[in-house]
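Peer 1: Have a look at this one before I ask anything.
A short reminder: the numbers here are calculations on the coordinates, not readings from a lab. All figures in this text were calculated on a predicted structure; none of them were measured in a lab. Note that we place each Cβ from the backbone using ideal geometry, even for glycine, and neighbour counts take in every protein chain shown.
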Amino acid sequence: MNCWKLTIEYDGSRYSGWAEQTNARTVMGELRKAVEIFLGARAEIAGSGRTDAGVHAGAQVAHVKAEVKRRIAPEQFLRIVNEELPYDIAVLSIEEAPARFHARHDAKARRYVYQISTRKDAFSKKYVWWVKAPLDIKAMSEAASLAAGRHNFVRFRAKDEARPNESTIVEVHSSQIVVQDSLILFRIEASHFLWRMVRRLAGCIVKVGLGELTVEQFDQLLANRGPAHDVAAWTAPAAGLFLDSVTYPD
């Protein structure tokens with residue numbers, strides 16, 4: 001069995017997420033078509049994680065496994081797959097991997113970045129959440145830092161029919177706010193993420209920045225205490241979210 005590790009970037013605006021669906025256009029579906037054209041064989045493909053409709057990736061990782069009798073040069077594989085892919089999906093690298101490599105199961109951590117814009121930007125509407133009201137950066141930073149550590153994120157997840165029994169305990173390695181000119185970046189790295197967890201965290205942190213939720217109330221949400229706020233209604237738009245990197249054992 002031949003196996004390759006692919007690193008991919010994509011603009012998710014035109015797609016119904018990463019994972020293949022029967023009646024929808026997805027990033028993985030487009031990748032499959034391009035890969036199987038080159039290999040001339042059916043392939044097993046899996047990503048390091050699923051991204052929702054409209055969510056982007058700077059470095060999604062996927063594995064491709066197929067039975068191919070001829071020798072495959074990774075540089076030729078990369079060139080032809082990129083020629084076949086739509087303009088908004090690009091494979092950054094392809095390398096041979098052990099047959100047992102699995103893009104999702106072997107990943108140690110994933111990092112996401114959520115981009116909040118404090119001004120209207122003519123060129124980046126598809127990639128940011130423009131929040132028009134003033135934001136308290138200090139309070140947002142304090143709230144974001146509280147997400148680091150081991151928590152039960154049950155209040156921040158959406159019902160996931162694909163993984164109904166998934167544990168809601170997540171180890172967050174780092175969580176912070178970084179300001180770059182007119183952008184406020186929420187950066188979070190964890191062992192894994194629950195469905196819509198990052199967008200709901202981002203939405204709550206913006207609520208803190210707007211003064212509509214206190215840092216103490218945000219801390220109570222993390223601890224599953226206090227009022228049952230409608231966190232789902234505060235889910236941040238998909239446009240601002242990027243899968244930034246995936247880490248594997250050395």
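Peer 1: What does the charge count around ALA233 come to, taking other residues whose C-beta lies under 11 Å from its C-beta (Lys +1, Arg +1, Asp -1, Glu -1)?
Peer 2: Net of charged neighbours comes to +1.
Peer 1: Show me, bin by bin at 5 Å from 0, the whole-percent P(r) of the chain based on Cα pairs.
Peer 2: All Cα pairs considered, the percentages come to 1, 6, 13, 17, 17, 15, 12, 9, 5, 3, 1, 0, 0.
Peer 1: In a shell of Cβ-Cβ distance under 9 Å around TRP4, excluding TRP4 itself, what net charge do Lys and Arg (+1) and Asp and Glu (-1) give?
Peer 2: 0
Peer 1: Right, here's the next one. For the chain, modelled as a GNM with alpha-carbon contacts under 10 angstrom, which of TRP18, TRP129, TRP234 fluctuates the most?
Peer 2: Residue with maximal mean-square fluctuation among TRP18, TRP129, TRP234: TRP234.
Peer 1: Within the chain, what is the number of lysine pairs with alpha carbons under 15 Å apart, leaving out pairs fewer than eight places apart on the same chain?
Peer 2: 5
Peer 1: List PHE218, PHE38 from most exposed to least, where exposure is judged by having the fewest other Cβ atoms within 10 Å.
Peer 2: PHE38, PHE218
Peer 1: Using a 10 angstrom cutoff on alpha carbons, build the Gaussian network for the chain and name the most mobile of SER117, SER93, SER182.
Peer 2: The residue with the greatest mean-square fluctuation here is SER182.
Peer 1: Another question about this same structure. Given springs between every Cα pair under 10 Å in a Gaussian network model of the chain, which of ALA202, ALA133, ALA53 has the largest fluctuation?
Peer 2: Of the options given, ALA133 has the highest mean-square fluctuation.
Peer 1: While we're looking at this one, here's another question. Once every DSSP H run of n ≥ 4 in the chain is given -39500 (n - 2.57) and the sum is divided by its residues, what mean residue ellipticity at 222 nm do you get, rounded to the nearest 500 deg cm²/dmol?
Peer 2: -6500 deg cm²/dmol
Peer 1: Cut-off is 10 Å between beta-carbons; in what order do VAL208, VAL215 appear when sorted fewest neighbours first?
Peer 2: VAL215, VAL208
Peer 1: Within 10 Å of each candidate Cβ there may be at most 14 other Cβ atoms; applying that plus a DSSP loop requirement, which GluC sites (Glu not before Pro) in segment 113-166 survive?
Peer 2: GLU161, GLU166
Peer 1: Right, another one. Give, as a single signed number, the net charge of other residues whose beta carbon lies under 14 Å from the beta carbon of ALA43, with Lys and Arg counted +1 and Asp and Glu -1.
Peer 2: Net local charge, ALA43 excluded: -1.
Peer 1: Would you order ASP52, ASP136 from fewest to most other beta-carbon atoms within 10 Å of each residue's own beta-carbon?
Peer 2: Fewest-to-most Cβ neighbours within 10 Å comes out as ASP136, ASP52.
Peer 1: Moving to a separate point now. Report, in whole Å, the centroid distance computed from the Cα atoms of segment 68-140 and segment 1-40.
Peer 2: Going from one Cα centre to the other spans 12 Å.
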